[in-house]
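Please see the structure below; I have some questions.
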Amino acid sequence: MLAARAHEQVGDRASAGPYLDRAASLAQTSLTPYPTFLPRDSSGRIANPGNPILHLRQLLAAGQQAEARSLVSEMLQRFHGSVDLLTLAGDMELLSGNGSAALVHYRAATQVRSNWPLVQRMVSALVASGAQVEARTLLAEHLRQNPRQPDAAALLGRMQRDAGNPARATLLLRYAASIGSGPDDPLLLADLANMEVQLDHRDEALNHAMTAQGLQRGNRRVAQVLGRILAMQSGGEVSARALQAKASGRGI
């Protein structure tokens, strides 16, 4: 069926026809087949009906890192180059506090396939290893190659904020808030409002904070940001106190 669709995509319907006929004549397979990498016994039966990837994640979630490490090592020897297993091996090291060891696995995984979740993990591993500059550089390169990814822009903006670069942080957060789901992200807008205040752009800050409040009125962090900005405005003291009470959980 895939071969038929490929021929159709290039306009060769005559070649697609025989493949479609063959696909239609084949027996229907199960809708939930077992992955081919599951371990099997000498008769070809599934030795472990559970998915090993899921099992590994369960071990990590339960804090059974020694068991997970042993299973990952065994699986990597059997299925060298599996992106899923390399990523899990990195997760295991990162959860164990071994950022450098995690990076080795994550980088090996990117040689096969790179994606945003993997880049996020690499950034976390670099930060855990104290390599904040390298983490920001990696994230900036990913954003350059994937410019329409608001999560990447927002994360880099927050990292620039934490590094003491308010102008860069504000530009990145503005960009993140202008693409994809950014305009509807109240926490992103609240962070942007905070940065606008630092640059003394109070009107822009108030606008972003009010928009964030409209999107999620029950969020304490949004209320805290808006309350702080209103406290700077003439005549906004009463509203500011109400929002700050809400932010502290005391209600209005």
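Going by what's in this entry, would Val72 be described as farther than 23 Å from Asn146 by Cβ, of a type in the set (A, V, I, L, M, F, W, C), out of contact with any helix residue (DSSP H, G or I) (no Cβ under 6 Å at 6 or more places or on another chain) and part of a helix (DSSP H, G or I)?
For Val72, the condition - farther than 23 Å from Asn146 by Cβ, of a type in the set (A, V, I, L, M, F, W, C), out of contact with any helix residue (DSSP H, G or I) (no Cβ under 6 Å at 6 or more places or on another chain) and part of a helix (DSSP H, G or I) - is not met.
Among the residues of the range 168-190, which ones are surrounded by fewer than 24 Cβ atoms within 10 Å (Cβ to Cβ), of a type outside the set (Val, Ile, Thr) and part of a loop (DSSP other than H, G, I, E, B)?
Within the range 168-190, Ser178, Gly180, Ser181, Asp185 meet the criteria.
Give me the pairs, please: first residue somewhere in the range 52-64 and assigned by TED's automatic domain parsing to the domain that holds Met92 and charged (D, E, K, R), second residue anywhere and surrounded by 10 or more Cβ atoms within 10 Å (Cβ to Cβ) and at pLDDT 70 or above, beta-carbon distance under 9 Å, and either six or more positions apart or on two chains.
Listed by first residue and then by second, the contacts come to Arg57/Ala68; Arg57/Leu88; Arg57/Asp91.
Residues being under 11 Å from Ala169 (Cα atoms) and in a helix (DSSP H, G or I): count how many of those fall in the range 191-217.
Qualifying residue count, the range 191-217: 6.
Out of Leu155, Leu173, Leu187, I need the residue that is under 30 Å from Thr110 (Cβ atoms), within 27 Å of the chain's Cα centre (by Cα), outside the structural domain of Asn115 (by TED's automatic domain parsing) and without any contact (Cβ under 8 Å) to a residue 24 or more places away in the chain. Which one?
Leu173
If Ser129 satisfies all but one of (1) in contact with a Gly (Cβ under 7 Å, 6 or more places away or on another chain); (2) within 24 Å of Arg148 (Cα to Cα), what's the number of the condition it fails?
(2) is the only condition that Ser129 fails.
If you take the residues in the range 108-146 that are farther than 21 Å from Leu88 by Cβ and of a type in the set (S, T, N, Q), which one is nearest to the chain's Cα centre (by Cα)?
Filtering first and then ranking leaves Asn146.
Going through the range 130-157 one residue at a time, which ones are part of a loop (DSSP other than H, G, I, E, B) and crowded, with 17+ Cβ neighbours inside 10 Å?
Ala131, Gln149
Here's a follow-up. With (1) under 23 Å from Ala140 (Cα atoms); (2) assigned to a helix (DSSP H, G or I); (3) of a type in the set (A, V, I, L, M, F, W, C) as the list, and Leu86 as the residue in question, which single condition is left unmet?
Going through (1) under 23 Å from Ala140 (Cα atoms); (2) assigned to a helix (DSSP H, G or I); (3) of a type in the set (A, V, I, L, M, F, W, C) one by one, Leu86 breaks only (1).
The values are calculated or read from the model by the stated rules, or taken from the named source; none is laboratory data. On a predicted model such as this, the values are computed, not experimentally measured, just so you know. All Cβ positions, glycine included, derive from the backbone under ideal geometry; neighbour counts span all protein chains shown.
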